[in-house]
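What follows is one structure encoded as structure tokens, with my remarks underneath.
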Amino acid sequence: MSLADATGPARGAYASLDALIALRFPAAHLSLSRRTRALASLTGPNKANFRGRGIDFEEVRSYQPGDDIRTIDWRVTARTGNAHTRVFREERERPVLVVVDQRQRLFFGSQCCFKSVLAAHLASLLAWSALGNGDRIGGVVFNETGHQEVRPRRNRKTVLALLSQIVEFNARLPAHTENTETRGLAAMLEALRHIARPGTSLYLISDFHDAADPAVREHLFRLAQHTEITAIACSDPLETTLPPPGRYAVTDGTRRAELVTRDSTLRDRYAALAAQRAAALHTELQRLGIPLLQASTDHSPFLLLQRYFGEPRQ
């Protein structure tokens, strides 16, 4: 896939493994380690929520004038009688986990692709970019009935395993879960708290339709204390604005219905409710210091990520 091809939106109702693999070429122009000002501006005033392992302990040595007194190792100082300080080095790499929502709600699209396909393309770009940056890359793919984890490793085989899981979950849509106990975003985040290690960079890709659940906020708060989270919300234009006045045939894959949009009051109320939900999600994540990227099925996922993750790698 050429860079020019990547500037267009994703296509189709189902994700293709070949298409996800081809995204490794445009992903070479992304750098997840360079979080731009545009991304930093989305975190709001609570940027200090993250409590990851930005530095690693290296050694203890004698205290020297000018050393930060906060790094003094008081145990060694007390034992030896001489002041000693701890020396740290920057953590050279941190594991990257891409969490991909493939639930029934994402099996929807009105123009170029379904939200589930958009989520798959975003995950692929992030995974290839992380691998190219020398990070250990892994992920979690989930739906209403379960999830599949791919543990972080620094090799191409791991990325391919993650992409294969995404395609497999995507191919199961539409999911028929009427008679099955379903799991929401809160259950996935609870599981993620046991999977993600301190210092992990987490990329949550979902439509966040059930993010108003108080349990979701609690799990995000706990995760944000020891991981660096970036949320990417997948949406479709039809979810924010009803089509022009008329009668439309719609389907969820199993049932058909008629949508009538002639009432201007209905269209205005629909748009207002959508804007209200989007604003509530943005405000809640900002309180937690989590940047929120807005992805749409009619826009390029590559251009979205390029905007927030710096200049191309040379």
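Need one number: % antiparallel among DSSP beta bridges in the chain, to the nearest 5.
Percent antiparallel among DSSP bridges in the chain is about 45.
Compute the convex hull volume of the Cα atoms of the stretch 76-171, divide it by the residue count, and report the result per residue in Å³ as a whole number.
Output value, Cα hull per residue: 153 Å³.
Ranked highest first by average number of other Cβ atoms within 10 Å, how do 211-218, 10-17, 297-304 line up?
Final packing ranking: 297-304, 10-17, 211-218.
Taking just the C-alpha trace of the chain, give me its Rg and Dmax in Å.
So, for the chain, Rg and Dmax equal 22.1, 84 Å respectively.
Please work out how much length the chain gains when fully extended from D268 to T254, using 0.36 nm per residue of separation minus the C-alpha to C-alpha distance, in nm with one decimal.
Answer, rounded to one decimal: 2.2 nm.
Mind giving me the nanometre distance, one decimal, between the label points for R153 and A212, set 7 Å out from Cα along Cα→Cβ?
4.3
With the convex hull built on the Cα atoms of the stretch 234-287, state its orientation-averaged projected area in nm².
4.5
Counting helices only, and only those DSSP H runs with n ≥ 4, report the 222 nm mean residue ellipticity of the chain as the sum of -39,500 (n - 2.57) divided by its residues, in deg cm²/dmol to the nearest 500.
Value at 222 nm, helices only: -11000 deg cm²/dmol.
Against the longest principal axis of the chain, how steep is helix 185-195, in degrees 0 to 90 to the nearest 10, with axes from Cα atoms?
Around 30 degrees separate the two axes.
Using the count of nearby Cβ atoms within 10 Å as a rough guide to exposure, how do D18, D263, D73 rank from fewest to most?
Ranked by crowding around the Cβ, least crowded first: D18, D263, D73.
On a 0 to 90° scale, report how tilted helix 156-171 is relative to the longest principal axis of the chain, with both axes built from alpha carbons and the result rounded to the nearest 10.
Helix 156-171 sits roughly 30 degrees off the main axis of the chain.
Quick one: what are the phi-derived ³J(HN,Hα) couplings along the stretch 134-144, Karplus 6.51/-1.76/1.60 with θ = phi - 60°, whole Hz, x for glycine and proline?
So the J values, rounded to whole Hz, are x, 7, 7, 10, x, x, 9, 10, 9, 9, 5.
Work out how much length S16 to R79 would gain on full extension: take 0.36 nm times their residue separation and subtract the Cα-Cα distance, in nm to one decimal.
Value of the extension gain: 16.5 nm.
Taking the stretch 209-314 on its own, what percent of its Cα-Cα pair distances exceed 18 Å?
Here the long-distance tail beyond 18 Å is 63 percent of all Cα pairs in the stretch 209-314.
Only the coordinates and a few stated rules stand behind these numbers; no lab work does. Treat the numbers as computed from the prediction; the structure is a model and nothing was measured. With ideal geometry, Cβ positions are generated from the backbone for all residues, glycine too; neighbour counts draw on all protein chains shown.
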